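The values are calculated or read from the model by the stated rules, or taken from the named source; none is laboratory data. Because the structure is predicted, anything quoted here is derived from the model rather than measured. Glycine also receives a Cβ, built like all others from the backbone with ideal geometry; neighbour counts cover every protein chain displayed.
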Amino acid sequence: MSDFELVLSGTVVLPERVLSNGHVCVRDGKVALVAQGAAPAARERHDLKHTFPKWHAV
């Protein structure tokens, strides 16, 4: 079973810090978790490390 619907991994820029090995996790169509380290299980995962220089979680 997946913890989240979607996990986006890469550099996450937050107002107070930058997560170089970060991820944004989505559950029920909403951001449920922004964290750093090993990403949790998800039905769909995208590694954006080589897709965009940086992406932002709001």
Reported set for segment 1-24 where residues are acidic (Asp, Glu) and either out of contact with any Lys or Arg (no Cβ under 8 Å at 6 or more places or on another chain) or at pLDDT below 95 (or both) is Asp3, Glu16
Only residues that are assigned to a loop (DSSP other than H, G, I, E, B), modelled with pLDDT of 85 or more and at negative phi: list them for segment 25-58, please.
Ala38, Ala39, Pro40, Ala41, Leu48
